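The values are calculated or read from the model by the stated rules, or taken from the named source; none is laboratory data. Because the structure is a prediction, the values reported are computed rather than measured. Every residue, glycine as well, gets a Cβ built from its backbone with ideal geometry; the counts of neighbours run over all protein chains shown. Quick note on the areas: whole protein, heavy atoms, side chains included, nothing else; ligands and nucleic acids left out. Shrake-Rupley method; radii C 1.70, N 1.55, O 1.52, S 1.80 Å.
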Amino acid sequence: MITKYSELLMRLATGRNLIIVFILFILTTSVIFPLMSSLIEVPAGELEKIDTKLYYTSAEFYKIIAAYGDQGRQVYALSHLTADVLFPLVYAFFFGLLLSYIFQRAFPIDSWVQGLNLVPFVLLIFDLIENLGVVILLLAYPTQMEGLARFTGIITSVKWIIAGITVALPLAGAVVWLYRSLSGRSLEDN
């Protein structure tokens, strides 16, 4: 079943589809997130976002969200149920298609490496779990759920590790593709 998803991504990995998803990626990061941030009434320089931290303790989590105020916590929760659900879907498809596009040119089609095009969807799953934890904690405030806050902090760390891998994979694939292109080695030379 997982192989079928990987193969579907490889079929969808066209230049046109990559451009479309890249435009959605840019719109999400440059329009939707700034709009959501402006709705939280904490001056931009003072606003610390939870899910952009590599890790946080439960005490740090509650210190950060206390600064948001009631309306800020509600807007932040809403953004995690809207924009921060849309964005992981967009980046998962963008990186999944990008990996498929590059890997089809860098590695043999029957190579296990082709299945790495699903790594962005593992990132998507961890991002959505993180969002759910953050939303529950925001809506429960001022009640503090220490265990869930710690768990969400760990999920955030795992998310960032997978995000690093997700960004590194297309770069590694591009290096292999470039090497093959410059050396005149085709995929059949393996």
Result of the Cβ filter at 7 Å on region 161-186, keeping first residues that are assigned to a helix (DSSP H, G or I) and partners that are acidic (Asp, Glu) and surrounded by 12 or more Cβ atoms within 10 Å (Cβ to Cβ), at least 6 apart or interchain, is none
Scanning region 145-181 for residues that are among the polar types (S, T, N, Q) and touching a Phe, Trp or Tyr at 6+ places or on another chain (Cβ under 8 Å), which turns out surrounded by the fewest Cβ atoms within 10 Å (Cβ to Cβ)? Ser157
Checked region 61-104 for anything surrounded by fewer than 16 Cβ atoms within 10 Å (Cβ to Cβ) and over 24 Å from Leu124 (Cα atoms); matches are Lys63, Ala66, Ala67, Gly69, Asp70, Gln71
Mind checking whether some residue in region 115-123 is part of a helix (DSSP H, G or I) and either of a type in the set (S, T, N, Q) or at pLDDT below 95 (or both)? yes
Does region 47-60 hold any residues that are surrounded by fewer than 21 Cβ atoms within 10 Å (Cβ to Cβ) and either in a loop (DSSP other than H, G, I, E, B) or not acidic (Asp, Glu) (or both), and which are they? Leu47, Glu48, Lys49, Thr52, Lys53, Leu54, Tyr55, Thr57, Ser58, Ala59
When only residues in region 124-144 that are without any contact (Cβ under 8 Å) to a residue 24 or more places away in the chain and not in a helix (DSSP H, G or I) count, which is least open to solvent (accessible area, probe 1.4 Å)? Thr143
If you go through region 71-79 one residue at a time, do you hit one that is charged (D, E, K, R) and touching a Phe, Trp or Tyr at 6+ places or on another chain (Cβ under 8 Å)? yes
